[in-house]
Amino acid sequence: MALIDTHCHLDLYEQPELMLRHIEAARVYTIAVTNAPSVYAYTATIAAGTRFIRPAVGLHPEIAVARAAELPLFWRALETTRYVGEVGLDYTVGEAPERIRQRSLFEEILRRCNERGNTIVTIHSRRAADDVVDVIGEGFRGTPILHWYSGSARTLNRAMRAGCYISVNPAMVRSHRAIKMVANVPRERVLTESDGPFVRVDGRAATPLDMDLVCESLAKVWRVTAAEAVATVHRNFAVLLDHDSKGQRKTTASMTPQRKQ
Ligand code: MN
C-alpha cells in the first residue's frame, strides 16, 4: 500500500528532479510544500505530469512578513491547486509587532482558503499552537494538517475539535515527548511527513521514501503491525482528500492520482 508524505520541501533538495523520480518510482503520495509564492511555479512545473506529487503554494511564517508582497501570486496559485503550505505562525522569530503582522497574514491566507473551499493546508505552529488553532476556528471549509506539532495537550484537544490532522516525521518519532503526544491523537487523525530535506535520517536528508520508518514507529505506539499502520495512514489521507467543497465528507473515498494541477 502506498506511503503518504504530507510535508516535503521537494524544491530544497540538491537535485529536486532526481528526488521527484525516486518518489514517483516508489509511489509515495507527496505534498510538495513551498516557502514562498514566487517559488511555487518551479515546483508546479516539475510536478506537472507526475502521478504522486501535489505542489502546494505556501508562505512560511519565518519569511512571511518579508515576502508579503508576493501574496497576489498566492491567490493566483489558489485557483489551480487545492494544496496549501507551508503556512502558519512561528513565535520564535521577530518581536511582538512582527508576530502581529504574521498572524494577520495567516488570517488572510486562511480566509482565502476558506472562500475557495476544499483546501488541504499544512501548517507550522512553533511556539504558536494556540494562536494557530484560534485562527483556524471551528467552521473551516478545508482540512488543516498541523505539521511537527509541539504544543500542549490542551491545545491538541482544541485542534482536534477544529478538525485538524497531525503529521508525524522521523525526528518526532525519536523524541519521547513527541511520541507521548502522538499517542494522544485519535488514530484517524494521524498522517506522516518527512519535512525533508530539513529532517535528517542516519545523517542524510529525510525523504518521502522514509515514511515506512515513521509507520513502523506508529505501529509500536498503536500496538499493530507496520502494514496496519501504513494502511491506517493511507486511509486517513484518502478520507481527507474526499472532503467536498462544503467541508463535508462524501461517502466514497477516491485516491485517483492527479495528472496535472
Ligand atoms: Mn517544513
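Considered as a group, the residues in the range 110-127 that are within 16 Å of the ligand (Cβ to nearest atom) and either among the aliphatic types (A, V, I, L, M) or surrounded by fewer than 24 Cβ atoms within 10 Å (Cβ to Cβ) (or both) include one that is farthest from Gly58 (Cα to Cα), and that residue is Arg127. A count restricted to the range 14-39 and to residues that are within 22 Å of Leu241 (Cα to Cα), buried (at least 24 other Cβ atoms within 10 Å of the Cβ) and over 15 Å from the mean Cα position of the chain (by Cα) stands at 1.
The C-beta contact set for the range 32-52 (first residue hydroxyl-bearing (Ser, Thr, Tyr), second residue in a loop (DSSP other than H, G, I, E, B), distance under 6 angstrom, 6+ apart or interchain) comprises Thr34/Gly58; Tyr40/Thr34; Thr43/Thr34.
Taken over the range 46-66, the residue count meeting the criterion of being of a type in the set (D, E, K, R), in contact with a helix residue (DSSP H, G or I) (Cβ under 8 Å, 6 or more places away or on another chain) and under 24 Å from Tyr149 (Cα atoms) is 1.
Within the range 69-90, if we keep just the residues that are within 16 Å of the ligand (Cβ to nearest atom) and not small (Gly, Ala, Ser), the residue that is farthest from Ser150 (Cα to Cα) turns out to be Tyr83. Evaluate the range 1-21: report whether one residue or more is at pLDDT below 95 and under 14 Å from Pro208 (Cβ atoms). Yes, there is a match, as at least one residue in the range 1-21 is at pLDDT below 95 and under 14 Å from Pro208 (Cβ atoms). When we screen Pro144, Pro208, Pro170 for residues that are buried (at least 16 other Cβ atoms within 10 Å of the Cβ), without any contact (Cβ under 8 Å) to a residue 24 or more places away in the chain and within 16 Å of the ligand (Cβ to nearest atom), the only hit is Pro144.
Among the residues of this structure, Glu62 counts as one that is part of a loop (DSSP other than H, G, I, E, B) and either more than 23 Å from Arg235 (Cβ to Cβ) or among the hydroxyl-bearing types (Ser, Thr, Tyr) (or both).
Going through (1) within 16 Å of the ligand (Cβ to nearest atom); (2) in a helix (DSSP H, G or I) one by one, Asp130 falls short only on (1).
The values are calculated or read from the model by the stated rules, or taken from the named source; none is laboratory data. What you see is a predicted model, and the numbers here were worked out from it, not measured in a lab. All Cβ positions, glycine included, derive from the backbone under ideal geometry; neighbour counts span all protein chains shown.
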